[in-house]
Amino acid sequence: MQSLVNLIRQMHQQLDFFVVCKPHEMNETGVLPGIKVNEWNNWEQIAKVMYWNYRESSRNTLQDLYKEVRPDIIFINGLFSLHFNLLPLRAAISFSGKYNDCKVVLSARGMLHPGALSQKKFKKKIFLFLFKLFGWQHKVQWHATDEQELKFIQQQFGELTNIKVAGNFPNLLTQATAPVKREHALIMGTVALISPMKNHLQVLKALQSVQANIVWHIYGPVKEEAYWQQCKQLIQQLPSNIAVHYHGDLPPAELSKTMEEFQLFIMPSKSENFGHAILEALSAGKPVITTNTTPFKNLQQVKAGYTVAVDQLETELPRAIQHFATMQQHEFNDCSKAAAEYARGFVSTDQLQQQYQHLFTTA
């Protein structure tokens with residue numbers, strides 16, 4: 001996960017990181033090449049990573065790992081995964097009870113945003129009910145990435161919940177070149193999971209009424225196959241002035257080069273805890289069309305893109321795409337420059353370092 005990759009790269013000199021994650025990509029079962037499963041791998045010389053074969057593991061594996069590493073802090077990323085949130089949390093609370101110097105930090109990662117809770121509602125309601133029944137909300141240090149997320153946690157677990165705010169470290173790219181901008185034409189790109197949260201279907205609906213020549217490149221793994229089938233049906237019905245190309249997953253090492261294919265980045269998410277892909281695109285000099293449920297709420301004012309109200313997507317999204325399609329090269333150059341400047345002024349690394357030191361303090 002990009003948030004954790006950035007965190008480790010920024011904080012490895014202050015903290016020793018031991019990471020437990022899946023041994024395969026999303027929706028796949030084949031083990032990643034070049035890794036050792038169920039043992040510690042040396043990652044970039046700055047962290048130890050165990051690619052855990054969780055499907056064939058005993059129920060005591062997590063407890064054994066905690067006993068082996070004897071961590072000062074157990075950082076659990078997210079809420080609704082059985083093997084990587086629920087079971088680690090249960091084991092962590094038990095371990096912390098035996099070793100009082102161990103702190104358990106639970107990162108909500110946008111999963112308590114109303115837009116996120118509206119997906120798979122029934123499953124999440126059961127989880128939150130059990131969470132409260134066991135009283136786990138009072139046995140952890142909650143991590144919110146901004147003040148809005150802090151409020152979402154409080155809405156679920158009460159205002160007295162122990163929460164600390166620490167934002168996400170950015171992964172800034174160098175400003176990328178772009179194809180020549182032609183009037184009444186636009187090349188868009190998206191790098192994201194294919195799921196209802198990222199709103200690909202809404203973009204396709206918007207493209208049906210755009211009066212310009214549009215090419216849209218989509219990268220990312222399919223998280224929900226039924227949703228992608230809906231998208232493919234709509235792609236087949238698009239007018240001849242619209243071309244959509246799906247390229248599958250994008251290896252992180254190829255991101256910077258791929259950004260050169262786009263003129264504009266589009267990702268009108270229903271909710272976004274941070275939006276690393278959005279900030280990466282901005283840093284590469286790509287104006288962005290997104291929604292006001294992301295942290296990027298003032299893009300129009302600084303000419304770095306277009307922020308659409310999530311409840312006005314039906315009317316405003318086609319207008320935003322049309323706005324950039326009609327631009328001439330010199331106007332678009334100004335927007336690209338503004339996007340890169342916006343990204344570099346968005347966060348302070350020094351301030352984030354202080355926030356994480358406060359989050360992870362065991363005092």
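Scanning region 247-284 for residues that are of a type outside the set (Gly, Ala, Ser), outside any loop (DSSP other than H, G, I, E, B) and out of contact with any Lys or Arg (no Cβ under 8 Å at 6 or more places or on another chain) yields Pro252, Glu254, Leu255, Lys257, Thr258, Ile266, His276, Ile278, Leu279, Glu280, Leu282.
Quick one: count up the residues across region 1-20 that are assigned to a loop (DSSP other than H, G, I, E, B) and free of Cβ contacts under 8 Å to residues at least 60 places away in the same chain. First the steps, then the outcome.
The initial filter retains those residues of region 1-20 that are assigned to a loop (DSSP other than H, G, I, E, B), namely 1, 12-16.
Filter again for free of Cβ contacts under 8 Å to residues at least 60 places away in the same chain, leaving 12-13, 16.
Residues meeting the conditions: 3.
With a requirement of 3 or more residues that are farther than 30 Å from Met11 by Cβ, the helices (runs of 4 or more DSSP H) lying completely within region 111-216 that satisfy it span 121-133, 200-207. For region 288-306, the set of residues classified as buried (at least 23 other Cβ atoms within 10 Å of the Cβ), under 17 Å from Ala340 (Cβ atoms) and of a type in the set (S, T, N, Q) consists of Thr290 only. In the set Asp311, Asp350, Asp334, only one residue is in a helix (DSSP H, G or I), under 23 Å from Gln175 (Cα atoms) and without any contact (Cβ under 8 Å) to a residue 24 or more places away in the chain; that residue is Asp350.
Gln45: surrounded by fewer than 18 Cβ atoms within 10 Å (Cβ to Cβ), more than 29 Å from Leu112 (Cβ to Cβ), out of contact with any Cys (no Cβ under 8 Å at 6 or more places or on another chain) and in the same structural domain as His138 (by TED's automatic domain parsing), yes or no? The answer is yes for Gln45. Check region 102-111 and report whether any residue there is farther than 20 Å from Gln357 by Cα, out of contact with any strand residue (DSSP E or B) (no Cβ under 6 Å at 6 or more places or on another chain) and in the same structural domain as Ile8 (by TED's automatic domain parsing). Yes, region 102-111 contains at least one residue that is farther than 20 Å from Gln357 by Cα, out of contact with any strand residue (DSSP E or B) (no Cβ under 6 Å at 6 or more places or on another chain) and in the same structural domain as Ile8 (by TED's automatic domain parsing).
So that you can scan it fast, the table gives a plain yes or no per residue for (1) in contact with a helix residue (DSSP H, G or I) (Cβ under 8 Å, 6 or more places away or on another chain); (2) at pLDDT 90 or above; (3) crowded, with 21+ Cβ neighbours inside 10 Å; (4) more than 25 Å from Gln263 (Cβ to Cβ):
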| residue | (1), (2), (3), (4) |
| --- | --- |
| Ala144 | yes, yes, yes, yes |
| Glu149 | no, yes, yes, yes |
| Leu160 | no, no, no, yes |
| Val165 | yes, yes, no, yes |
| Asn171 | yes, no, no, no |
| Ile187 | no, yes, no, no |
| Thr190 | yes, yes, yes, no |
| Gln211 | yes, yes, no, no |
| Lys223 | no, no, no, yes |
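In region 275-297, which residue that is more than 10 Å from Phe265 (Cβ to Cβ), out of contact with any Leu (no Cβ under 8 Å at 6 or more places or on another chain) and not small (Gly, Ala, Ser) is modelled with the highest pLDDT? Only one residue fits best here, namely Asn292. Would region 226-246 turn up any residue that is more than 30 Å from Thr174 (Cβ to Cβ), β-branched (Val, Ile, Thr) and not in a loop (DSSP other than H, G, I, E, B)? Looking through region 226-246, at least one residue is more than 30 Å from Thr174 (Cβ to Cβ), β-branched (Val, Ile, Thr) and not in a loop (DSSP other than H, G, I, E, B). The lone criterion from (1) surrounded by 14 or more Cβ atoms within 10 Å (Cβ to Cβ); (2) more than 19 Å from Leu15 (Cβ to Cβ); (3) of a type in the set (A, V, I, L, M, F, W, C); (4) modelled with pLDDT under 90 left unmet by Cys102 is number (2).
Of all residues being hydrophobic (A, V, I, L, M, F, W, C) and part of a loop (DSSP other than H, G, I, E, B) in region 87-110, which is farthest from Gln154 (Cα to Cα)? Just the residue, please. Don't jump to the end; show me each part of the working.
As a first pass, look at region 87-110 and keep what is hydrophobic (A, V, I, L, M, F, W, C): 87, 89, 91-93, 95, 102, 104-106, 108.
Retained after the next criterion (residues that are part of a loop (DSSP other than H, G, I, E, B)): 102, 108.
Working: Cys102: 24, Ala108: 11 Å.
Only one residue fits best here, namely Cys102.
Scanning region 26-61 for residues that are free of Cβ contacts under 8 Å to residues at least 40 places away in the same chain, in contact with a strand residue (DSSP E or B) (Cβ under 8 Å, 6 or more places away or on another chain) and not in a strand (DSSP E or B) gives Val31, Leu32, Ile35, Lys36, Asn38, Glu39, Trp40, Ile46, Trp52, Asn53. Selection over region 40-66 of residues that are more than 24 Å from Gln10 (Cα to Cα) and among the acidic types (Asp, Glu) gives a count of 2.
Per-residue answers, yes or no, for (1) under 30 Å from Phe17 (Cβ atoms); (2) hydroxyl-bearing (Ser, Thr, Tyr); (3) crowded, with 17+ Cβ neighbours inside 10 Å:
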residue	(1), (2), (3)
Asp311	no, no, no
Ile321	no, no, yes
Asn333	no, no, no
Ala343	yes, no, yes
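The values are calculated or read from the model by the stated rules, or taken from the named source; none is laboratory data. These numbers come from a predicted model, not from an experiment. Note that each Cβ is placed from the backbone with ideal geometry, even for glycine, and that neighbours are counted across all protein chains shown.
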